[in-house]
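These notes are about the structure you will find just below.
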Amino acid sequence: MERKEAIEKLQQLIGKELHELAKEFNITIYRNGKVNKGWAGHVFERFLGLQINSAQSPNFGSWELKSIPLKYKKNGELTFKETMAITMIDSVNVCQKEFEDSHLLAKLKKAVVVARIVGDTVDDPSYIHSIVEFNLQGKLYDAVKADYDLVREALLDPKRGFNALTGKMGYYIQPRTKGSGHGSTSRAFYARPRFLKEFIKI
């Protein structure tokens, strides 16, 4: 299924409740007493007629499916619940490649993002808010390139290197710890809420 066709089909889900769709497609929200973290993504894959992929990040060739949760604040304002992971940072790869040839840009170009409104717990109703694709151009393209170059410069600097990468870096895209936080040695590129706001209108 091509990206354009997938986006058009996913648009049919806007306003739908995710738990009801999970029942319809026999997706389990709990597994062995724990929350099945990928359940929402599995619902979207099944809706599109795709077999559930055991790979962490399903790759559909010309596009990649991502999901981002939105939540209501106490004042009723809708906001992003968290940042969105884009791709792992491979220091050798980043050092070798300019932004134009980077994994980061390739992943952003491929992304099809399902934004969904969630509650305080996984059992609360969750509604599909919107379906978007990222289109980097003009000043936004330049700003994301600058964020990438910031990371690249740190990696190329013998005095700083990989361990100098921190979530405080980057205006739209930040490099930060991937995994269990303290003690984790891996890093990934994450899209900050201000980047997501450029495409997801809330």
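Tell me, what HN-Hα J-couplings in whole Hz come from the Karplus equation 6.51 cos²θ - 1.76 cosθ + 1.60 at θ = phi - 60° for each residue of segment 64-73, using x for Gly and Pro? For segment 64-73, the Karplus-derived couplings read 9, 8, 10, 10, 10, x, 10, 9, 8, 7 Hz, x marking Gly and Pro.
Only helices reaching 15 angstrom along their own axis (Cα) with mean Kyte-Doolittle hydropathy no lower than -0.5 count here, and for the DSSP H runs of the chain these are 138-156.
A Förster radius of 30 Å, combined with the Cβ-Cβ distance separating residue 25 from residue 109, puts the computed FRET efficiency at roughly 0.60. Once both labels are positioned 7 Å from their Cα atoms along Cα-to-Cβ, the gap between residue 34 and residue 7 label points is 3.6 nm. From least to most packed, judged by other beta carbons within 10 angstrom and beginning with the fewest, 148, 72 follow the order 72, 148. About its Cα centre, the dipole of segment 58-196 is roughly 280 debye, where the only charges are +1 on Lys and Arg Cβ and -1 on Asp and Glu Cβ. Size check on the chain: the Cα extents along the three principal axes, sorted descending, read 54, 38, 36 Å.
Ordering 169, 158, 99 by Cα displacement along the dipole of segment 75-202 toward the positive end leaves 158 in first place; charges were set at the Cβ atoms of Lys, Arg (+1) and Asp, Glu (-1). On full extension, the segment bounded by residue 153 and residue 123 gains 6.4 nm, given 0.36 nm per residue less the C-alpha separation. Entry note, segment 66-202: relative contact order of 26 percent, from Cα contacts under 8 Å with a spacing of 6+ residues.
Computed per residue of the chain from DSSP H runs no shorter than four, each worth -39500 (n - 2.57), the mean residue ellipticity at 222 nm is -8500 deg cm²/dmol.
Taken one residue at a time, the phi angles of segment 189-201 give Karplus couplings (6.51, -1.76, 1.60, θ = phi - 60°) of 7, 10, 8, 6, x, 5, 6, 4, 5, 5, 10, 9, 7 Hz. Gly and Pro are set to x. Under a 5 Å amide H cut-off, with hydrogens placed 1.01 Å from N, residue 84 pairs with 191 among residues at least 5 apart or on other chains. A simple spin-label model places pseudo-atoms 7 Å from Cα toward Cβ; at residue 90 and residue 14 they are separated by 3.7 nm.
Residue-wise HN-Hα couplings along segment 82-89, as the Karplus relation 6.51 cos²θ - 1.76 cosθ + 1.60 with θ = phi - 60° gives them from phi, are 7, 6, 10, 5, 10, 6, 5, 9 Hz; Gly and Pro carry x.
A short reminder: the numbers here are calculations on the coordinates, not readings from a lab. Quantities reported herein were computed from a predicted structural model and do not represent experimental measurements. Positions of Cβ are generated from backbone atoms using ideal geometry, with glycine treated the same way; all protein chains shown enter the neighbour counts.
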